[in-house]
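Okay, so here's the structure we're looking at.
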Amino acid sequence: QVRLVESGGGLEQAGGSLRLSCAVTGRSPENYCIGWFRQAPGKEREFVAGIDNRGGDIHYGDSVKGRFTISRDHASNTVYLQMNSLSPEDTGVYYCAAEMGVVVTRESWYDFWGQGTQVTVSS
C-alpha cells in the first residue's frame, strides 16, 4: 500500500507554467505506475499523463501533448508534472494515483489516490 501527496498547484496566468509534485510513500513505491488525472468543475475526471515504474513508458492525454511532461525521481519517490503553455481549460483539481502494472488511462484501474491540488489558470 502507498500514500500519495500532491503539491505545487496554484494560480497562474495563461501561457505560464507550473510544476506539480506527487510524493509517494509506503511499501515499495518504486514498483508503481503513477498517473495524473484532473477534474474541472462540472466535468468528469480525465487522464492527463502516466509513467511506468521504470520511467520508460509514458503516455499523455490528447489535450496536454506537447505542453505537459511527466517524470519521476526514484531517489525521492516523487513524480513530477511539468505544465507549460497553460490555458484556462487546464483549470481543475489535479490528482496523482498509483497502480501496479502497465500505464493505463482508465481511473478505475488505479488503486491509490492523493487528495488533489488545485490549479487555476486565469485568462
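A short reminder: the numbers here are calculations on the coordinates, not readings from a lab. Keep in mind that what you see is a predicted model, and the values were worked out from it rather than measured. Positions of Cβ are backbone-derived with ideal geometry, glycine not excepted, and every protein chain shown enters the neighbour counts.
May I have the pair-distance distribution P(r) for the range 11-54, computed from all Cα-Cα distances with 5 Å bins from 0 and rounded to whole percent?
5, 15, 18, 22, 20, 10, 8, 1
Which one of A40, A97, A75 has the biggest mean-square fluctuation once the chain is modelled by GNM with Cα springs under 10 Å?
Highest fluctuation of the listed residues: A75.
What nm distance separates the two modelled labels at E89 and D57, each placed 7 Å from Cα along Cα→Cβ?
2.9 nm
Farthest toward the dipole's positive end in the chain, which of G66, V93, G10, given Cβ charges of +1 (Lys, Arg) and -1 (Asp, Glu) about the Cα centre?
G10
What list of whole percents do you get for P(r) of the chain, with Cα-Cα distances grouped in 5 Å bins up to the one holding the largest distance?
The calculated distribution, bin by bin, is 2, 13, 24, 27, 19, 10, 4, 1, 0.
If you filter the range 1-106 for trypsin sites (Lys or Arg not before Pro), then keep DSSP loop positions with at most 13 other Cβ within 10 Å, what is left? Can you show the working numbers first?
Working: sites: R3, R19, R27, R38, K43, R45, R54, K65, R67, R72, R106; in loops: R27, K43, R45, R54, K65, R67, R106.
Loop-located and lightly packed - R27, K43, R54, K65, R106.
Can you pull the Rg over Rh of the range 50-110, Cα-only, Kirkwood?
0.95
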